[in-house]
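All of the numbers you see were taken from the coordinates with simple rules; none came from a lab. The structure displayed is predicted, hence computed values, not measured ones. FYI the Cβ positions are ideal-geometry reconstructions off the backbone, even for glycines, and counts take in every protein chain you see.
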Amino acid sequence: MSDPRDLSLAVIGVGHLADYTLTGLRRGGWRGALRLGPRGAAKAAELAARCDGTVFATNAAAAEGADLVLLATRPPQAVEAAQSLDLAEDQVLVSVVAGLPLAGLAPHAGGAALARAMPVTAAEVGASPSMVYAESPEAMAKIAGLFGLCGRAVPAAREADFEVGTALACVYGWFFALYAHLADEAQAAGLSPETARRMTLGMAEGAARVAAETGRKPDEITAQIASPGSFTRLGLEHLEDRGAFAPWEEAFGLLMEKLRGNT
């Protein structure tokens with residue numbers, strides 16, 4: 001496979017996801033041609049200027065000849081957008097549309113390989129754990145190589161696994177609300193706003209890195225830190241007594257029901 005930094009990319013749908021993903025890809029060394037669809041003319045022009053791309057008159061023109069075609073529209077517009085393309089067998093149609101199985105796009109993909117990806121806003125700073133799935137090994141190698149440039153690509157063995165990854169991408173968004181509450185409490189207890197912010201986010205980042213880089217299970221790390229009689233144990237026991245983790249589990253279950261079409 002060619003260097004993923006040289007893959008050409010067409011983007012159909014130039015919203016928030018396209019913005020942070022393209023920013024992260026360029027920051028991560030991606031140097032391939034960027035071809036943008038015209039929908040959202042002002043945003044497309046801004047992205048073209050900032051990320052060294054070209055805006056085309058139609059989605060079909062943008063997609064023509066691109067190695068990868070990123071479908072980044074809202075779910076209701078995704079099938080219509082795919083129908084407007086004329087894709088070839090050597091192309092890969094990569095959907096980042098949440099909750100849309102590849103079976104819904106297959107009739108409109110021509111001979112292109114089909115794939116899914118789910119980058120989160122951390123892509124902008126090169127830190128997105130992006131789940132990727134493709135129907136062929138060749139397509140998987142391409143999308144894993146590309147999304148690895150803006151963080152870490154996490155291959156899914158089955159498309160069904162992708163829905164769980166999508167739910168976790170939503171949980172990622174909840175973390176910010178938790179951090180905001182904790183920083184507010186630290187500020188109320190006397191820290192300056194900047195110190196409260198830096199300490200809260202630093203502790204979150206440190207916890208994630210310890211678990212990710214040591215390979216130890218999070219509950220084992222908790223048991224070691226929250227030893228009997230420690231202040232950490234005092235706070236943890238209060239959270240457990242109040243059932244603080246149950247709503248998170250319930251919210252995750254709610255997402256899974258929705259993503260799997262059971263609600």
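Rg over Rh for the stretch 166-259 works out to 0.99, both radii taken from alpha-carbon positions and Rh defined as the Kirkwood radius. Each of Leu178, Phe231, Gly32 was placed along the dipole of the chain (beta-carbon charges, centred on the mean Cα), and the one lying farthest toward the positive end is Gly32.
Listed from fewest to most Cβ neighbours within 10 Å, the set Arg74, Arg158, Arg152 follows the order Arg158, Arg74, Arg152.
Within the listed set His16, His108, His181, the residue fluctuating most in the Gaussian network model of the chain (springs between alpha-carbon atoms under 10 angstrom) is His181. P(r) tail, the stretch 4-156: Cα-Cα pairs separated by more than 19 Å, 45% of all pairs. A simple spin-label model places the labels of Asp6 and Ala41 3.7 nm from each other, with each point 7 Å out along Cα-to-Cβ. Relative to the longest principal axis of the Cα atoms of the chain, the long axis of helix 231-241 makes an angle of roughly 70 degrees. Under a model in which nothing but the beta-carbon of Lys, Arg (+1) and Asp, Glu (-1) is charged, the chain shows a dipole of about 460 debye around its Cα centre.
Looking at the stretch 84-160, the GluC sites (Glu not before Pro) that sit in a DSSP loop and have at most 10 other Cβ atoms within 10 Å of their own Cβ are Glu89. With kT/(6 pi eta Rh) evaluated at 10 °C and eta = 1.306 mPa s, and Rh the Kirkwood radius from Cα pairs, the chain diffuses with a coefficient of 78 µm²/s according to Stokes-Einstein. At a Cα cut-off below 16 Å, give the aspartates and glutamates reachable from Lys142, other chains included and same-chain residues fewer than 8 away excluded. In chain and number order, the partners are Asp3, Asp6, Asp67, Glu89, Asp90. When the chain is treated as a Gaussian network with alpha carbon springs shorter than 10 Å, the biggest mean-square fluctuation among Gly32, Gly243, Gly15 belongs to Gly243. Between amide H atoms placed 1.01 Å from N, distances below 5 Å from Val11 occur with Arg35, Leu36, Gly37, Leu70, all of them 5 or more places distant or on a separate chain. As a proxy for reagent exposure, ranking Ser84, Ser128, Ser227 by other Cβ atoms within 10 Å from fewest up yields Ser227, Ser84, Ser128. In this rough spin-label picture, where each label sits 7 Å from Cα along the Cβ direction, the Val164-Met199 distance is 3.7 nm.
The residue among Thr54, Ala78, Val14 whose Cα reaches farthest toward the positive pole of the charge dipole of the chain, with charges on the beta-carbon of Lys, Arg, Asp and Glu, is Thr54. Both radii are taken from the alpha-carbon atoms of the stretch 70-225; with Rh as the Kirkwood radius, Rg/Rh is 1.09.
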